[in-house]
Amino acid sequence: MKILKELDDAKLVIVDLEVKLGDKFRSAPTLCAKYKGKIIPLNTAHDGRPILMKEENSIKN
């Protein structure tokens, strides 16, 4: 493994993320990256599995 570059404009944030599970809404604190004005979750809200930090995984604010 090697580091290609450090992203200077990325910031770690914790958001209260709401998701719909079945017919119910649930929320939980979720670790996210704020990058290029977008919020990208770094783990799933329902079971905590890691997610790749890709812009296509961003959440509309």
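The values are calculated or read from the model by the stated rules, or taken from the named source; none is laboratory data. Computed from a predicted model, the values in this text were never measured in an experiment. Note: ideal-geometry Cβ built from the backbone for every residue, glycine included; neighbour counts use all protein chains shown. Note: accessible area is taken over every heavy atom of the protein model, side chains too, but ligands, DNA and RNA are not part of it. Shrake-Rupley method; radii C 1.70, N 1.55, O 1.52, S 1.80 Å.
Before moving on, here are some points about what is shown:
- Whole-percent carbon and sulfur share, accessible surface of the chain, 1.4 Å: 53
- Contour excess over end-to-end distance, with Cα ends at Leu42 and Glu55 and 0.36 nm allotted per residue: 3.5 nm
- Lys60, Lys34, reordered so the largest accessible area comes first (probe 1.4 Å): Lys60, Lys34
- By the equivalent-ellipsoid construction on the alpha carbon gyration tensor, the chain comes out with semi-axes of 24, 13, 9 Å, ordered largest to smallest.
- For the chain, the solvent-accessible area with a 1.4 angstrom probe is 86 square angstrom per residue.
- Surrounding net charge for Arg26, when Lys and Arg each add one and Asp and Glu each subtract one, Cβ distance under 12 Å: -2
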